[in-house]
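Report on the following structure.
No lab work stands behind these numbers, since they all come straight from the coordinates. Small disclaimer: the values here were computed from a predicted structure and weren't measured. Positions of Cβ are backbone-derived with ideal geometry, glycine not excepted, and every protein chain shown enters the neighbour counts.
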Amino acid sequence: MKFIRFIINDIEKIGILDKTEKQIIELFIVQEKNRKDSMIEFIEKIREKDLEIIKNRVDNEVGKYKIEEVIVCSPIRKPIHDIICVGVNYKKHLIETQEKFDKSFQTPEKTVYFSKRATEIIGTNQAIQSRIDLDEKLDYEVELAVIIGEMGKNIPKEDVEKYIFGYSIFNDISARGLQKEHIQWYRGKSIDTYSAMGPVILHKSALSFPLELDICSEVNNELRQNSNTRYMLSNISKLISEISQGITLEPGDIIITGTPDGVGLGFNPPKFLKKEDIIKCKIEKIGELINKVE
Ligand code: MG
């Protein structure tokens, strides 16, 4: 099941892709714009029996709208908290960071957690409004995003999947200069439009756990990153169990799980993004997230 948030005739709706994945079955109309994020509200309220009904509709119904005729939005417009991020969670990306970007960067003994702010997450086909005036070293990072479905704290590793709603594709757009200058990564990653997610949330029931998904990115059709989520240094069970020790996770929380090697900073000379570049982030079974730099 692929959940999608979209706008048609100026009305926001939540839907699900039909079997062809080219058309959308409408689930409901969002009545109160901006009151609370509609997808988060949906994730909070949905129960097992609702999912069965929706699954049945996907199996038997043809979608009312073609994807091309709607505006596809980021599945979650505004996160409830800052996005929880994991740093250097693929070994080859850690090595490229140390060799090509920051020779003083030590191999961390434990998982690196930090956060980024997104007042609004942009969706597929929305533009990244670059702030080259603040930092010319603009970079991309394809990541698997985990969307929490149930409130939880002190979650044992073996129970982690129960707390997940589904998965999406995230581009953790990063201003490398600011990241380095300010020591902490927050500012360089939190500029408006530097968070892109979508096009859908794939419900967890579609995947066997632990996940082994091909993950890649292209810039102007040139393959840059190409890996598999099985190469994460800390896997999803470890990440969610660990971060939930003493910290409550809530429905709609977004955890981005790190990026593989092949980001712009890893090339010699570096291949940072420029205006007009088109970045395509792909994860097997989820889809493609496409954003242009403006
Ligand atoms: Mg990242």
What do you get for chymotrypsin sites (Phe, Trp or Tyr not before Pro) in the stretch 199-294 restricted to DSSP loop and a cutoff of at most 15 other Cβ within 10 Å of the site's Cβ?
F267
With T = 37 °C, eta = 0.692 mPa s and Kirkwood Rh from C-alpha pairs, the Stokes-Einstein D of the stretch 206-271 in µm²/s is about 233
Calculate, in nm to one decimal, what N226 and Q184 gain on full extension: separation in residues at 0.36 nm each, minus their alpha carbon distance.
12.4 nm
Translational diffusion of the stretch 83-293, µm² s⁻¹ [Kirkwood Rh, Cα pairs; Stokes-Einstein; 25 °C; 0.890 mPa s]
144
Using a Gaussian network model on the chain with a 10 Å cutoff between Cα atoms, which of H93, H81, H182 fluctuates the most?
H182
How large is the charge dipole for the stretch 2-72, taken about the Cα centre, if only the Cβ atoms of Lys, Arg (+1) and Asp, Glu (-1) carry charge, to the nearest 20 debye?
60
Net charge near K282: determine it from the other residues with C-beta under 14 Å of the C-beta of K282, scoring Lys and Arg +1 and Asp and Glu -1.
-4
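Taking square-rooted eigenvalues a ≥ b ≥ c of the alpha carbon gyration tensor, is the stretch 2-72 rounded, prolate or oblate, where a/c under 1.5 means rounded and, failing that, a/b exceeding b/c means prolate?
It comes out oblate by the Cα gyration axes.
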Centroid-to-centroid separation of the stretch 176-212 and the stretch 1-52 [C-alpha atoms, Å]:
22
Compute, for the stretch 211-280, the length of the dipole vector about the Cα centre, with Cβ point charges of +1 (Lys, Arg) and -1 (Asp, Glu) only. Units Debye, rounded to 20.
220
Quick check: residue separation of K22 and T107 times 0.36 nm, minus the Cα distance between them. What number comes out in nm?
26.2 nm
In terms of the charge dipole of the stretch 83-293, which places +1 on Lys and Arg and -1 on Asp and Glu at the beta carbon, the residue among F105, L207, G149 farthest towards the positive end is F105
Using +1 at the Cβ of each Lys and Arg and -1 at the Cβ of each Asp and Glu in the chain, identify which of I80, T257, I95 lies farthest towards the dipole's positive end.
I95
Percentage, to the nearest whole number, of Cα pairs in the stretch 100-150 over 14 Å apart:
78
Relative contact order of the chain (C-alpha contacts under 8 Å, at least 6 apart) in percent is 24
Can you tell me the orientation of helix 48-60 relative to the chain, as the angle in degrees between its alpha-carbon axis and the longest Cα principal axis, to the nearest 10?
80
Cut-off is 10 Å between beta-carbons; in what order do V88, V263 appear when sorted fewest neighbours first?
V88, V263
Which value, in debye to the nearest 20, gives the size of the charge dipole of the chain about its Cα centre, when Lys and Arg are +1 and Asp and Glu are -1 at the Cβ?
180
Suppose R0 equals 51 Å; then what is the FRET efficiency for K66 and E99 from their Cβ-Cβ distance, rounded to the nearest 0.05?
0.65
Length-normalised contact order of the stretch 2-72, Cα under 8 Å, at least 6 apart, in percent, tallies to 40
Charge dipole of the stretch 1-150 about the Cα centre (unit charges at C-beta), most positive-ward option of Q126, I29, F114
I29
Using Cβ contacts closer than 10 Å as the measure, can you line up Y113, Y90 from fewest to most?
Y113, Y90
